[in-house]
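**Q** Sharing a structure, written as structure tokens. Questions coming.
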Amino acid sequence: MANYYFRLRDANCISETPIILNATFNGYRIKCKTNKSIAPSNWNFDTQTPEDTKKFKELNKRLVFLLGCADVTYKYFTETLNKIPTSSEFQNRFYELALDESVKKVIEAKPLTLFTFIENFIKEAKYKENEKTGRPISPLTIGTYKQCERFLKLFNDKKKRIDFNDIDLDFYYQFKEFLISKKLSQNTIAKHIKTLKTFLNDATDRGISTNFKYKSKKFIASQVSGDAIYLNESELVDFYNLDLSNNEKLERVRDLFLVGCYTGLRYSDWSIKKEDIKGDFIETITQKTNERVVIPIHPTIKAIMKRYEGKYPNSLPPSISNQQMNKYLKDVAGLIDNLQTMVSTKKTIGRLTLNSNISKALRVTTHTARRSFATNLYNNGIPAIDIMKITGHTTEKNFLKYIRSTPKDSANKILEFYNKGKKLKIS
């Protein structure tokens, strides 16, 4: 896929400097003249577009047209001629279109709308990389893009027709109200607002939209912290010691869950290959982030491997569907006395905040394993940066949101520290 954006020839110039259109695709980076100039003081370097003022309205309009010419040029070669154009071929065709008034009428008659842009954005996503991590965008993230697109289309059909210029604070409040009416949780609503801003930032960067109202500080994606549980070391020992010899299915589920608790891997990575087990370490490439991780093998996993040695190539129980796994996990947890204690849970759906008490056993899911791994290591003094190498968190801020230490856990750690210190002689 191709990307197009504008740059100034001399960003440090004190007078006007030419605006250059850059097109990138298949390793090419092609520069095209726009025959337009602007002073750097009137250029927005964040969006790579002229200032959003009346003075530059026509210039912005011309640049959007040139983006359309670049896109038509690329599609002419790739879709009509079934080839990748060379630099000179692309430039020649681009200049022809840019000077052709009939083409101008066609492009301006069919401007890129919000929804056609989002559709193209999603199509291009599988070829892009995450700007923060440099890794390919995951199918899960692309699924999030599609969910947001679906809700925007539902809102568009029910409320009013929307396009780039309609995205303002009035839209923001109306869209949030619409999502609340769909009984979505506050964090799910925040996810869709954040995704919408991802779409709009890309449209702004490409010069397709010059509406910056979505950048208002009030146009926010506010989240609430979750109340997901973790299992402490004592509870994990109870899991391991539970006698399930009369139920092989639940025994495999329990053992596979413990593999997650002592590797920190996501459920999608629990099917560890035989060749990934190297001595005292597991070295694997994670599916979501395509990142190589090295994990020391915990004694519990070694004991489990002895149990399955010869039964499976990797000496570990096979995976089942996540849905089935979560169902059977609750059956296993229901057999452990220490997990029958009640824990409070809070969920915000629309404007309703629901509070309830439920046994800890019913809160156990496959994701509990990963949280337990991170939290137990953190509580035992392992530096966050070392744990993050395995969990894949890129910032300590996000990692700490993941930790599920309770106030009692923190108090016990401080008490242990006190007890290890030098005793004061109190007379």
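The values are calculated or read from the model by the stated rules, or taken from the named source; none is laboratory data. Quick caveat, the model's predicted, so the values are computed rather than measured. When we count neighbours, we look across all protein chains shown, and the Cβ atoms used for this are built from the backbone with ideal geometry, even at glycine. Areas reflect the complete protein model, heavy atoms only, side chains present, ligands, DNA and RNA absent. Shrake-Rupley method; radii C 1.70, N 1.55, O 1.52, S 1.80 Å.
**Q** Restricting the search to the range 71-96, which residues are surrounded by 15 or more Cβ atoms within 10 Å (Cβ to Cβ), under 24 Å from Phe121 (Cα atoms) and of a type in the set (Ser, Thr, Tyr)?
**A** Within the range 71-96, Thr73, Tyr74, Tyr76, Thr78 meet the criteria.
Conditions (1) more than 21 Å from Ile301 (Cβ to Cβ); (2) in contact with a helix residue (DSSP H, G or I) (Cβ under 8 Å, 6 or more places away or on another chain); (3) modelled with pLDDT of 80 or more; (4) part of a helix (DSSP H, G or I), marked per residue:
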residue	(1), (2), (3), (4)
Thr353	yes, no, no, no
Leu362	yes, yes, yes, yes
Arg371	no, yes, yes, yes
Gly381	yes, no, yes, no
Asn398	yes, no, no, yes
Lys422	yes, no, no, no
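**Q** Which of the residues spanning the range 3-37 are basic (Lys, Arg), surrounded by 12 or more Cβ atoms within 10 Å (Cβ to Cβ) and not in a loop (DSSP other than H, G, I, E, B)?
**A** Correct list: Arg7, Lys31, Lys33, Lys36.
**Q** Which of the residues spanning the range 38-65 are without any contact (Cβ under 8 Å) to a residue 60 or more places away in the chain, over 15 Å from Leu8 (Cβ atoms) and open to solvent by less than 90 Å² (accessible area, probe 1.4 Å)?
**A** Thr53, Arg62, Phe65
**Q** Taking the range 144-194 only, how many residues are under 18 Å from Asn211 (Cβ atoms), of a type in the set (A, V, I, L, M, F, W, C) and surrounded by fewer than 18 Cβ atoms within 10 Å (Cβ to Cβ)?
**A** 1
**Q** Can you run down the residue pairs with Cβ atoms below 9 Å, 6 or more apart or on separate chains, where the first is in the range 326-340 and among the aromatic types (Phe, Trp, Tyr) and the partner is open to solvent by less than 40 Å² (accessible area, probe 1.4 Å)?
**A** Within 9 Å, the pairs are Tyr328/Leu250; Tyr328/Val253; Tyr328/Arg254.
**Q** If a residue has to be assigned to a loop (DSSP other than H, G, I, E, B) and within 19 Å of Gln340 (Cα to Cα) to count, how many in the range 233-248 make the cut?
**A** Adding up the residues that qualify gives 3.
**Q** Could you tell me which numbered condition Tyr230 fails, if it satisfies all but one of (1) modelled with pLDDT of 90 or more; (2) closer than 30 Å to Thr49 by Cβ; (3) not in a helix (DSSP H, G or I)?
**A** (2)
**Q** Need pairs with beta-carbon distance below 7 Å; first residue without any contact (Cβ under 8 Å) to a residue 40 or more places away in the chain and within the range 67-87, second assigned to a loop (DSSP other than H, G, I, E, B) and among the basic types (Lys, Arg); sequence gap 6+ or separate chains.
**A** Close Cβ pairs (under 7 Å, with a partner that is assigned to a loop (DSSP other than H, G, I, E, B) and among the basic types (Lys, Arg)) amount to Phe77/Lys83.
**Q** Give the range 305-327 a look and list any residue that's open to solvent by less than 100 Å² (accessible area, probe 1.4 Å), in a loop (DSSP other than H, G, I, E, B) and at negative phi, or say none.
**A** If the condition is that a residue be open to solvent by less than 100 Å² (accessible area, probe 1.4 Å), in a loop (DSSP other than H, G, I, E, B) and at negative phi, then Asn314, Leu316, Pro317, Pro318, Ser319, Ile320, Ser321 are the ones that fit.
**Q** Continuing with the same structure: Are there any pairs with C-beta distances below 9 angstrom linking a residue in the range 272-293 that is open to solvent by 60 Å² or more (accessible area, probe 1.4 Å) to a residue that is of a type in the set (S, T, N, Q) and part of a loop (DSSP other than H, G, I, E, B), with the two at least 6 apart or on different chains, and if so which?
**A** Lys273/Asn314; Lys274/Asn314; Lys274/Ser315; Glu275/Asn314; Gln287/Ser138; Lys288/Ser138; Asn290/Ser138; Arg292/Thr286
**Q** Would you please name the residue that is modelled with the highest pLDDT, looking only at residues in the range 158-216 that are part of a loop (DSSP other than H, G, I, E, B) and of a type in the set (A, V, I, L, M, F, W, C)?
**A** If we take residues in the range 158-216 being part of a loop (DSSP other than H, G, I, E, B) and of a type in the set (A, V, I, L, M, F, W, C), then Ile167 is modelled with the highest pLDDT.
**Q** Then there's this: Looking only at the range 176-209, count every residue that is more than 24 Å from Ala125 (Cα to Cα), in contact (Cβ under 8 Å) with a residue 12 or more places away in the chain and not small (Gly, Ala, Ser) and tell me the total.
**A** Final tally of qualifying residues: 8.
**Q** Residues in the range 234-248 that are touching a residue at least 24 places away in the same chain (Cβ under 8 Å) and surrounded by 13 or more Cβ atoms within 10 Å (Cβ to Cβ): how many?
**A** Matching residues across the range 234-248 total 7.
**Q** Looking only at the range 249-271, which residues are part of a loop (DSSP other than H, G, I, E, B), open to solvent by 10 Å² or more (accessible area, probe 1.4 Å) and farther than 17 Å from Gln323 by Cβ?
**A** Tyr262
**Q** Restricting to the range 134-157, name every residue that is within 23 Å of the chain's Cα centre (by Cα) and modelled with pLDDT under 85.
**A** Those that are within 23 Å of the chain's Cα centre (by Cα) and modelled with pLDDT under 85: Gly134, Arg135, Pro136, Ile137, Ser138, Pro139, Leu140.
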